[in-house]
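**Student:** Pasting in a structure now, in structure tokens, and then I'll have a few things to ask.
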Amino acid sequence: MTTADQFQQHVLPTYGRFPFVPVRGEGVRLWDDAGKSHIDFCSGIAVCSLGHCHPRLVEAIREQAGRLMHVSNLYQIPQQAELAEEINTQHVKLPGKVFFSNSGAEANDGLIKSARRFGHKRPQADGTPRCEVITFQMSFHGRTLGAMSATGQAKIQEGFDPLLPGFRYLPFNDVAALQAGIRPETAAILLEPIQGEGGVNPATPEFLRAVAALCKKHDLLLFFDEVQAGFGRCGDSMAWRMIAPEIEPDGISWAKGMGGGVPIGAFWLSDRGMDENGTALSSLMGPGSHGSTYGGNPLVCAASLAVLREIREKDLGAHAILMEARIRETIRSWQFPVVTEVRGSGLLLGVGLDPARIPTPEGKTAALVVVNRLMERGLLVPPAGPNTFRLLPPLNVTEAEIDEALEIVRAVLAEF
């Protein structure tokens with residue numbers, strides 16, 4: 001029985017899977033079950049920050065697995081404390097505290113719960129708790145019921161009514177709409193500094209600064225979803241700093257690239273005072289308020305420590321910016337009308353396509369047509385909406401690997 005047959009018979013069909021069966025990876029390359037090598041610029045959708053089977057990550061996992069893989073969060077896990085310190089002091093660089101989860105959706109659920117708790121501590125004038133979280137159209141925050149309810153895309157939510165109440169979706173990068181959209185029940189604003197799944201749409205500096213100012217004016221929490229964009233992917237450890245570095249958020253969510261391939265997520269809450277007594281915002285989530293059986297166990301924390309230290313010590317965020325410039329300059333030099341623009345920052349880039357120039361069979365999008373042709377030529381990339389494909393190579397990708405991948409992109413797009 002083939003892998004495809006096994007999937008059809010035994011696995012829920014929740015993904016539109018490509019006909020590609022990976023069996024081995026090393027660095028930027030993936031080999032399929034027929035032995036063909038592919039350049040992987042999907043990276044598990046921005047997960048494999050160091051590429052496949054990076055020696056430092058492999059050794060950290062092997063060493064920790066031989067010592068201790070899991071204990072309950074009823075106990076004090078040294079690797080978890082060490083990882084939280086690394087995140088706070090070396091990456092966020094603001095006083096705060098971290099909760100570890102298994103995924104980005106769970107991390108965003110934690111931020112949503114924190115907003116609800118804040119809305120009870122800081123209610124409306126009549127004492128009614130504030131519960132609303134403003135998010136934005138074309139956002140993506142995950143597939144749990146809470147994270148899906150926060151996502152501003154109807155196609156993600158279709159067939160799952162009733163959704164969790166307490167969310168409104170406003171136009172992205174529209175300051176006037178946001179100013180008009182804040183209501184007495186609003187408790188927080190949650191946004192991606194660069195929308196990933198929604199098409200690689202960066203927030204403008206003016207918009208981020210307006211969001212931060214409105215949060216201060218109306219006593220709202222400012223949350224950044226950096227699940228896809230964080231930890232060097234966009235240049236700085238924190239993606240929002242590439243856009244408006246002076247902003248200090250109240251909460252941040254991460255996952256994907258922070259583990260390099262192991263399932264780990266996290267959310268961070270600031271230590272700033274939230275009332276006249278100076279009560280720390282991070283104290284909102286005390287004992288019994290939140291939990292995770294597997295979140296932050298010794299194995300995943302040891303792995304994440306290896307990944308984040310490699311990113312920091314090798315300054316891979318700065319390298320991502322250099323590789324971004326190489327990609328942009330190369331694509332610009334082609335002067336292909338089929339390419340409308342290159343959006344994003346660092347190595348979270350979206351190549352916009354003119355769908356009028358790409359013949360698309362029924363049920364397919366321009367992005368899927370291009371993604372499939374690239375895969376046939378040996379380059380793996382994910383779509384981002386109907387008319388954009390993403391370039392998400394490992395943060396340690398070399399110039400030669402960039403050039404090799406872009407030559408495949410050039411050859412495919414030249415056909416249009």
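The values are calculated or read from the model by the stated rules, or taken from the named source; none is laboratory data. Quick caveat: nothing in here was measured; it's all calculated off a predicted structure. A quick note on method: Cβ atoms are made from the backbone with ideal geometry, for glycine too, and the neighbour counts reach across all protein chains shown.
**Student:** Pairs please, first residue from the stretch 85-111 and aliphatic (A, V, I, L, M), second anywhere and in a helix (DSSP H, G or I), Cβ atoms under 6 Å, 6+ apart in sequence or on different chains.
**Tutor:** Val98/Ala84; Val98/Ile87; Ala105/Ala147
**Student:** What are the pairs with Cβ atoms under 8 angstrom where one residue, in the stretch 168-194, is more than 20 Å from Ser149 (Cα to Cα) and the other, located anywhere, is aromatic (Phe, Trp, Tyr) and surrounded by fewer than 17 Cβ atoms within 10 Å (Cβ to Cβ)? Sequence gap at least six, or different chains.
**Tutor:** none
**Student:** Sticking with this structure for a sec: Can you tell me how many residues within the stretch 71-92 are assigned to a loop (DSSP other than H, G, I, E, B) and surrounded by 13 or more Cβ atoms within 10 Å (Cβ to Cβ)?
**Tutor:** 2
**Student:** Another question about this same structure. Please give the number of the condition Gly317 fails out of (1) touching a residue at least 40 places away in the same chain (Cβ under 8 Å); (2) part of a loop (DSSP other than H, G, I, E, B).
**Tutor:** So the condition that Gly317 fails would be (2).
**Student:** Tell me which residues, restricted to the stretch 396-416, are hydrophobic (A, V, I, L, M, F, W, C) and either touching an Asp or Glu at 6+ places or on another chain (Cβ under 7 Å) or assigned to a helix (DSSP H, G or I) (or both).
**Tutor:** If the condition is that a residue be hydrophobic (A, V, I, L, M, F, W, C) and either touching an Asp or Glu at 6+ places or on another chain (Cβ under 7 Å) or assigned to a helix (DSSP H, G or I) (or both), then Ala400, Ile402, Ala405, Leu406, Ile408, Val409, Ala411, Val412, Leu413, Ala414 are the ones that fit.
For (1) crowded, with 23+ Cβ neighbours inside 10 Å; (2) hydrophobic (A, V, I, L, M, F, W, C); (3) not assigned by TED's automatic domain parsing to the domain that holds Ala81; (4) not in a strand (DSSP E or B), each residue gets a yes or a no:
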residue	(1), (2), (3), (4)
Ala325	no, yes, yes, yes
Arg332	no, no, yes, yes
Gly344	yes, no, yes, no
Glu376	no, no, yes, yes
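**Student:** Spot the failing condition for Lys155; the list is (1) among the basic types (Lys, Arg); (2) within 22 Å of Ile194 (Cα to Cα); (3) assigned to a loop (DSSP other than H, G, I, E, B), and only one is missed.
**Tutor:** (3)
**Student:** Based on this model, can you work out whether Leu68 counts as surrounded by fewer than 19 Cβ atoms within 10 Å (Cβ to Cβ), in contact with a Pro (Cβ under 9 Å, 6 or more places away or on another chain), modelled with pLDDT of 95 or more and of a type outside the set (Val, Ile, Thr)?
**Tutor:** When the stated conditions are applied, Leu68 passes them.
**Student:** Please work out if Arg272 is touching a strand residue (DSSP E or B) at 6+ places or on another chain (Cβ under 8 Å) and either under 27 Å from Glu85 (Cα atoms) or surrounded by fewer than 23 Cβ atoms within 10 Å (Cβ to Cβ) (or both).
**Tutor:** Yes, satisfied.
**Student:** I've got another one for you. Suppose we filter Ala318, Ala280, Ala266 for residues that are hydrophobic (A, V, I, L, M, F, W, C), within 17 Å of Leu94 (Cα to Cα), surrounded by fewer than 21 Cβ atoms within 10 Å (Cβ to Cβ) and at pLDDT 95 or above; which single one remains?
**Tutor:** Ala280
**Student:** Scan the stretch 301-316 for residues that are among the charged types (D, E, K, R) and more than 18 Å from Arg62 (Cβ to Cβ) and jot them down.
**Tutor:** Within the stretch 301-316, Arg312, Glu313, Lys314, Asp315 qualify.
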